[in-house]
1. Phe273 - would you say it is within 16 Å of ligand 2 (Cβ to nearest atom) and outside any loop (DSSP other than H, G, I, E, B)?
2. Looking only at the range 3-14, count how many residues are surrounded by 11 or more Cβ atoms within 10 Å (Cβ to Cβ) and either under 26 Å from the mean Cα position of the chain (by Cα) or in contact (Cβ under 8 Å) with a residue 40 or more places away in the chain (or both).
3. Scanning for something in the same structural domain as Tyr173 (by TED's automatic domain parsing) and within 16 Å of ligand 2 (Cβ to nearest atom), does the range 96-117 turn up at least one residue?
4. Quick check: anything in the range 100-116 closer than 28 Å to Asp40 by Cα, touching a helix residue (DSSP H, G or I) at 6+ places or on another chain (Cβ under 6 Å), among the hydrophobic types (A, V, I, L, M, F, W, C) and within 16 Å of ligand 1 (Cβ to nearest atom)?
5. Consider only pairs whose beta carbons are under 6 Å apart and that are at least six residues apart or on different chains; among these, list those whose first residue lies in the range 109-127 and is free of Cβ contacts under 8 Å to residues at least 60 places away in the same chain and farther than 16 Å from Arg154 by Cα and whose second residue is part of a loop (DSSP other than H, G, I, E, B) and more than 8 Å from ligand 1 (Cβ to nearest atom).
6. Does the range 152-160 contain at least one residue that is in contact (Cβ under 8 Å) with a residue 60 or more places away in the chain, in a helix (DSSP H, G or I) and within 13 Å of ligand 1 (Cβ to nearest atom)?
7. Identify the residue in the range 266-294 that is surrounded by fewer than 16 Cβ atoms within 10 Å (Cβ to Cβ) and in contact (Cβ under 8 Å) with a residue 60 or more places away in the chain and, among all such residues, is farthest from ligand 1 (Cβ to nearest atom).
8. Do we have Tyr17 as assigned to a loop (DSSP other than H, G, I, E, B), out of contact with any Phe, Trp or Tyr (no Cβ under 7 Å at 6 or more places or on another chain) and in contact (Cβ under 8 Å) with a residue 12 or more places away in the chain here?
Amino acid sequence: MAAALAEVGVAAEAAVYSEEFADEVRDQLLGVDGVLVWVDPVTGSRDRAQLDRLLRDVSGAGVWVSAHPDVIARMGTKEVLYRTRSLGWGSDVQLYRTAEEFKRSFPATLASGPRVLKQYRGNGGIGVWKVGVAGDDQSAGNDPVVKVQSARSRDGAAEQVALSAFMDRAEKYFGYNGGEGRLIDQAFQPLITQGIVRCYLVKAEVVGFSRQYPPDVAPECVFGLPSAKTMFGPDEASFARLRRSMEEEWVPGLQELVGVDYGSLPALWDADFLFAAKDPEGADSYVLSEINVSAVAPFPAPALPKLARAVAAAPSAR
Ligand SMILES: Nc1ncnc2c1ncn2[C@@H]1O[C@H](COP(=O)(O)OP(=O)(O)OP(=O)(O)O)[C@@H](O)[C@H]1O
Ligand SMILES: [Mg+2]
């Protein structure tokens, strides 16, 4: 990254962050023109609350920040699945802002088929759960036994528990994010058995893809962290249609729906896609699974010079 930046005349320095020495990092960031940030939304028991305050401060002082915390909130949390559900990448998605709303509405949604619940902000499958009525028995009233699987487990292990007990347990997610936590409820996509496609972007331009295959478990157990990524450049023929949909329709649609203009688009971000049933012409169709903005690494090598040029072109108020 530093070498790619040097190529376009930008000198880079590293800034290692932790809450213990946040003030030192603040001083360092106030001395530069811009900052590219890679920090996960959740690390152990910590979230980005303190870092986001720091980044807002340095941005307010005229330092260019990518991605700005406000931009992450608009397009990089799981709520984006709900806000953009009308786009071609959309799916059946519900949003619960309070525990009461969740407990009132989730049983009926679940009765329509298995669901995936996602906490508002997370990574590495933390707080992502597949929930389905056990044995497909829809006759158990409004407190059926459900089968619950974590996206963190790679072995397909599932637990059976009463729906009411599971919902009590999930209430904690509403207390996260400074009490502003949410749950996003997306229909389970059975073609997760084909793995996922990650599409990488610099601003509004697709700069590459990665392909991941599911863990080696029985097809009915496939859910959660997939295999290592195989990287592809932006011109990979098998993703040409996905690239066109992204650049021509979905990214402009996203920008409009969540209110992010070109200048505020992250220097680097990605969108994960699950496969949906093929369209009538036999071409692949895709459903958005999530957008990552906080910490996109690794990414395909051809993205580097484009990312560097986006940094060089960034406005700095200083
Ligand atoms: N609707 C769905 N249907 C089937 N599987 C899903 C669905 N949504 C998510 N998954 C599975 O759960 C995994 C984690 O979900 P997601 O990518 O939304 O969370 P994350 O914690 O932000 O992950 P990452 O660290 O990759 O950013 C996905 O890789 C996929 O295997
Ligand atoms: Mg993610």
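The values are calculated or read from the model by the stated rules, or taken from the named source; none is laboratory data. Note that the structure is predicted; figures quoted are calculated from it, not measured. Positions of Cβ are backbone-derived with ideal geometry, glycine not excepted, and every protein chain shown enters the neighbour counts.
1. yes
2. 5
3. The answer is yes; a qualifying residue exists.
4. Among the residues of the range 100-116, not one is closer than 28 Å to Asp40 by Cα, touching a helix residue (DSSP H, G or I) at 6+ places or on another chain (Cβ under 6 Å), among the hydrophobic types (A, V, I, L, M, F, W, C) and within 16 Å of ligand 1 (Cβ to nearest atom), which makes the answer no.
5. Within 6 Å, the pairs are Ala111/Gln138.
6. Checking the range 152-160: not a single residue is in contact (Cβ under 8 Å) with a residue 60 or more places away in the chain, in a helix (DSSP H, G or I) and within 13 Å of ligand 1 (Cβ to nearest atom).
7. Ala277
8. Yes, satisfied.
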